[in-house]
Each structure stands twice: as structure tokens, then as C-alpha cells.
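Visitor: Handing you a structure now.
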Amino acid sequence: VSIRAATVADHQRVLAVADEWWGGRAIAGLAQRLFFDHFADTSLIAEDEHQLIGFLIGFLSQTHSDEAYIHMVAVHPDRRDSGLARDLYAHFFDLARRNQRATVTCITSPVNQGSIAFHVAMGFTSELHPDHDGPGNDRIVFSRDLDPIDAMTTSPVDG
Ligand SMILES: CC(C)(COP(=O)(O)OP(=O)(O)OC[C@H]1O[C@@H](n2cnc3c(N)ncnc32)[C@H](O)[C@@H]1OP(=O)(O)O)[C@@H](O)C(=O)NCCC(=O)NCCS
């Protein structure tokens, strides 16, 4: 399994799997091309022999200079529960720290119990924000401070 920065060529591949990987929810519309055009080097692609098995779309907050944000993460349904999303997050945490970010944030829908459990397991605190994305669109807002240990989880030789 390899994890690398995304390129614009990955956009169509992500679109092709997103709805299925979210259990049939219409989610591909959230993976706009702009992320692959303008946030490619902070987004991650996991592959096994060139087959897409996971992705993370993230960026360094332009408004909050100490913060990095994860917009989407998903793992192929057959490849879950083996620590791949944890690895993707570890890579992103490392990248965020190298860019002087102290906090990682993300949001999820209250119906996405799997995502909530995953983020709690990854050490995020959570808070329910009613109407966060407009009337009736409540969201769970996650936040996690980065610490020096995160820098050593993926690339010990780089310190
Ligand atoms: C959420 C998701 C990315 C997790 O991927 P994964 O590779 O299976 O997660 P990992 O194996 O790295 O799990 C890391 C930790 O989270 C926990 N976890 C992950 N999914 C969980 C679930 N559905 N229920 C309970 N715990 C879960 C694991 O037990 C593990 O904890 P541990 O290390 O303490 O044992 C995957 O289920 C997915 O792609 N879901 C659909 C897309 C989605 O909802 N994305 C999140 C919102 S953007």
C-alpha cells in the first residue's frame, strides 16, 4: 500500500467510487475538481498496485493560520478496519505539523455513526453544532490538537 499526494488525474477516480464507498449516499458532489486543482498537495491517495483503496481531501486553512482541515476521507469497503484511515490521518497530521499547524478540524453529519466513532478513536473532541450548514443541517465539529508524537508516526527518519 502506498500513500502519495493527489494529482488532478485522481479526481475522476475519486468521483467514480465516492457514492458507493459512502454506502450509496450521494456524496461525490462534495469532491469537486477544485480540491484536485488547488489542494492536491495536501490531499492523499492510497493505492495497492495502482488500485485506489483510500483517499483524503484536506488543506491548510487560509483563514486560521494554525489550523489544517480535513474535508473528506474514505477507505474502500473491503479494506476497512485495517488501519488505513488511521495511516492517512497520520500522514496528514505530519504534513500539517510541517506547515506549522497546531490543530486539525473536520465535520461530519450526525447520522454518520461510523465517522463519529472513527474520529473519537483518532483522538478528536466532538461538539454538536445545530444548523451548522444551514437550517436543519446539524453537524458534528471535530477538533484535535497535534503533538510532537504525530510527527514520528509516519516518517521516523525525518524526525
Ligand atoms: C470512516 C472510515 C474512513 C474508517 O476507515 P478505516 O480504514 O476502516 O479505519 P481504521 O481501520 O483506520 O480505524 C481507525 C480507528 O477507528 C475505529 N473505527 C473506524 N471505523 C469505525 C466504525 N465504523 N465504528 C467504530 N469504530 C471505527 C477503528 O476501530 C480504529 O480504532 P483503534 O485503532 O482504536 O482500534 C471508513 O469507514 C469509511 O470510508 N467510511 C465511509 C466514508 C466516511 O464516512 N468517511 C468519514 C466522513 S468524511
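Laboratory data are not the source of any read-out in this text; all were calculated from the coordinates shown. All values reported here derive from a predicted model rather than from experimental measurement. A quick note on method: Cβ atoms are made from the backbone with ideal geometry, for glycine too, and the neighbour counts reach across all protein chains shown.
Visitor: Taking neighbour Cβ counts within 10 Å as the exposure measure, how do L84, L128, L56 sort from fewest upward?
Guide: The order, fewest Cβ neighbours first, is L128, L84, L56.
Visitor: How much net charge surrounds R33 when only the other residues with a Cβ under 13 Å from the Cβ of R33 are counted, with Lys and Arg +1 and Asp and Glu -1?
Guide: With Lys, Arg at +1 and Asp, Glu at -1, the net is -1.
Visitor: Using DSSP, restrict attention to beta bridges with both residues in region 51-125 and report what percent are antiparallel, rounded to the nearest 5.
Guide: Close to 70 percent.
Visitor: For I27, what residues show an amide H to amide H distance below 5 Å, using hydrogens built from the backbone and excluding near sequence neighbours?
Guide: Placed amide hydrogens put D19 under 5 Å from I27.
Visitor: I've got another one for you. Helix hunt in the chain: which complete DSSP H runs extend at least 18 Å axially by C-alpha with mean Kyte-Doolittle at least 0.5?
Guide: Answer set is empty.
Visitor: Give the order of Y89, Y69 when sorted by the count of other beta carbons within 10 angstrom, beginning with the fewest.
Guide: Y69, Y89
Visitor: Let me ask you something else. Classify the chain: rounded, prolate or oblate, from the alpha-carbon gyration tensor (a ≥ b ≥ c, eigenvalue square roots; a/c under 1.5 rounded; otherwise prolate if a/b is larger than b/c)?
Guide: rounded
Visitor: Based on DSSP H runs of at least 4 residues, each adding -39500 (n - 2.57), what is the mean residue ellipticity at 222 nm of the chain after dividing by all its residues, to the nearest 500 deg cm²/dmol?
Guide: Mean residue ellipticity at 222 nm (helix-derived): -8000 deg cm²/dmol.
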